[in-house]
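The values are calculated or read from the model by the stated rules, or taken from the named source; none is laboratory data. Fair warning: this is a prediction, and the values are worked out from it, not measured in the lab. Here the Cβ positions follow ideal geometry from the backbone for every residue, glycine too, while neighbour counts run over all protein chains shown. Please note that ligands, DNA and RNA were not included when accessible areas were found on the heavy atoms of the full protein model with its side chains. Shrake-Rupley method; radii C 1.70, N 1.55, O 1.52, S 1.80 Å.
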Amino acid sequence: MSHTTHLAGLGRAELTLFLRSKANLVSALLVPLMLVFTMKVILDQFDLSGAGLTMGPVMISSAAGIILLMGLYAPLTSIYVMRREQLILKRLRSGEVGDLTILLGAAVPVVAAVPVQFLIISAGITVVAGTGAPAAPLLAVIGIVLGTALITALAALTTVLARTAETAQIAVLPGMFLLPLTSGTYVPLEILPHGVQEVLRFFPLTPVTDLVRSGWTGSLSVADAAVRTATLLVWIALTAWAVRRSFRWEPRT
């Protein structure tokens with residue numbers, strides 16, 4: 001059987017399990033939506049116009065970060081840990097299925113939900129805020145695709161810190177706290193001192209919010225967009241390398 005066939009089979013099985021759980025549906029679909037519109041209340045406290053920003057693109061870039069963290073990172077980390085504790089990963093690995101196919105198969109439902117959520121939320125914000133059509137939609141697509149790859153790898157890496165599905169909810173807390181704070185997801189970096197902005201530009205999730213926002217504003221030059229893309233690719237490569245070295249396929253004793 002081909003890798004594609006294996007991946008499709010695992011993806012269908014995971015999607016069935018995902019849809020059976022109301023908790024999964026709430027955490028992956030409804031919670032990000034609620035948080036995005038809560039962000040408007042927070043953003044209203046800042047002088048966005050004074051920083052050269054407008055509400056619509058800022059909310060859309062915030063939505064990207066929130067969806068990746070709340071809709072992908074947290075639930076996928078728990079999924080990986082649960083499948084490990086159920087010995088599913090061990091059994092699959094003892095057969096013909098490759099390691100990457102196993103990890104991607106488990107991620108199919110939550111990964112597939114990311115673009116759907118982003119399209120719905122960004123369309124809603126665009127209409128409500130009167131933002132208009134994206135000026136450079138390819139940049140937004142690059143940000144979401146590479147951001148999804150990074151967060152998927154980060155979820156796999158975070159399982160190293162979790163012994164059980166319950167502790168997985170604790171293991172994700174540092175990432176859930178630090179990634180949005182250092183990426184402009186909660187507070188636009190433009191409001192911070194210039195030196196701090198330049199340092200945070202190279203943090204893992206920052207290129208995602210920059211690329212997505214520029215997808216609507218077209219503010220990034222080709223060179224700046226290339227730097228953001230390269231930064232994301234480096235983080236993806238480093239995280240994937242760490243996963244390959246440290247991911248546990250069997251329950252921790």
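Before moving on, here are some points about what is shown:
- The residues of the range 153-198 that are closer than 24 Å to GLY143 by Cβ, among the polar types (S, T, N, Q), assigned to a helix (DSSP H, G or I) and in contact (Cβ under 8 Å) with a residue 12 or more places away in the chain amount to a single one, THR158.
- Given (1) in contact (Cβ under 8 Å) with a residue 40 or more places away in the chain; (2) open to solvent by 30 Å² or more (accessible area, probe 1.4 Å); (3) not aliphatic (A, V, I, L, M), number of the condition PHE118 does not satisfy: (2)
- Per-region count, the range 215-231, residues surrounded by 16 or more Cβ atoms within 10 Å (Cβ to Cβ), of a type outside the set (S, T, N, Q) and assigned to a loop (DSSP other than H, G, I, E, B): 1
- Boolean, VAL110 is over 19 Å from ARG245 (Cα atoms), in a helix (DSSP H, G or I) and open to solvent by 40 Å² or more (accessible area, probe 1.4 Å): no
- Within the option set VAL234, VAL212, VAL243, being closer than 26 Å to TYR80 by Cα, β-branched (Val, Ile, Thr), open to solvent by less than 60 Å² (accessible area, probe 1.4 Å) and modelled with pLDDT of 95 or more holds for one residue only, VAL243.
- Qualifying residue in the range 94-104 (condition: out of contact with any Cys (no Cβ under 9 Å at 6 or more places or on another chain), open to solvent by less than 10 Å² (accessible area, probe 1.4 Å) and part of a helix (DSSP H, G or I)): yes
- Residues that are in a helix (DSSP H, G or I) and of a type in the set (Ser, Thr, Tyr), drawn from the range 117-133: SER122, THR126
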